[in-house]
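Have a look at the structure below before the remarks.
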Amino acid sequence: MTTDVTTVSFARGTAPVGDTAVFEIYIKATPERIWEAITDPAQRAKYSFGVQTQSDWATGSTYRAGVPDVFDIAEGENLVVEPPRLLVQSFNALWSDEVKAQGTTRVTWEIEPVGDSCRLTVVHDQLPDSANAELYGGWPMILSGLKTLLETGELLTTPGSLMYSGVG
C-alpha cells in the first residue's frame, strides 16, 4: 500500500495547515522580560534578522518594522495590546512584491507563565490559501533567536539571524 504523505515543513513551504501557522516555545524568563524583548526595537533587532519594530504599543496604534537605512519589512496595526501577556497585530509584508501581493495577515503573540518560565505561542493566521512560505517561514529562527538571547544573553549565529544585524 502506497500512501502519499506530505511532511509539514516550513523550510519546504508545506506548512501551515489551513490558514494558520502556530509556533510554541518555552523560555526561562518572566512575561515582562519577554514582552520587553518583543517591543523594544534594539532588543528585537538582536534576534529578528536585524529588524527593529517601532510603535507606541497602544491598542489601535500602528507599527513599522524594518532594517534602518536598508529596507522596510512590515507594517500594520496593533489590534490588541495587553502587556505583558498578549499582542495581536495585523501584518502587511513589504520586503518583496510577491509577499506584498499576499495581503494582510495577522500575528498573535501570547505569553503564559509556566512555573519559573513562560510558554510563548505565536500564531500567524489569516494566511491566503496559497501563502508564500516567506510570510511565515522565518518564525522558527526568530523565536529561536529570542529564546537564545533571553536565556544566554548571546545572539543566535545562524546566517539568517545575522543577515542584517551588523554582527559577523
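Nothing in this text is a laboratory measurement; each read-out follows from the coordinates by a stated rule. Quick caveat: nothing in here was measured; it's all calculated off a predicted structure. Cβ coordinates were reconstructed from backbone atoms using ideal geometry, including for glycine residues, and neighbour counts include every protein chain displayed.
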Fewest to most Cβ atoms within 10 Å: 35, 57 sort as 57, 35
For a quick protection proxy, order the peptides 61-72, 140-151 by their average other-Cβ count within 10 Å, most packed first.
140-151, 61-72
Would you mind giving the three semi-axes, in whole Å and largest first, of the ellipsoid equivalent to segment 21-152 according to its Cα gyration tensor?
23, 16, 15
Multiply the residue separation of residue 154 and residue 108 by 0.36 nm, subtract the distance between their alpha-carbon atoms, and state the gained length in nm to one decimal.
14.0 nm
At a Förster distance of 25 Å, what's the computed FRET efficiency of residue 56 paired with residue 96, Cβ-Cβ distance as r, to 0.05?
0.35
Nitroxide proxy distance, nm - points 7 Å out along Cα→Cβ at residue 69 and residue 134
2.5 nm
Subtracting the Cα-Cα distance of residue 144 and residue 125 from 0.36 nm times their residue separation yields 4.9 nm
Return the distance in nm (one decimal) between the two label points of a simple spin-label model at residue 117 and residue 22, each offset 7 Å from Cα along Cα→Cβ.
1.9 nm
What percent of all Cα-Cα pairs in segment 112-153 falls in each 10 Å bin, counting up from 0?
22, 43, 25, 9
How far apart, in nanometres, would the label points at residue 40 and residue 85 be if each is projected 7 angstrom from Cα along the Cα-to-Cβ direction?
2.3 nm
Given Cβ charges of +1 for Lys and Arg and -1 for Asp and Glu, the option among 99, 78, 47 whose Cα lies farthest towards the positive end of the dipole of segment 21-152 is 47
How do 30, 157 rank when sorted from fewest to most other Cβ atoms within 10 Å of their own Cβ?
157, 30
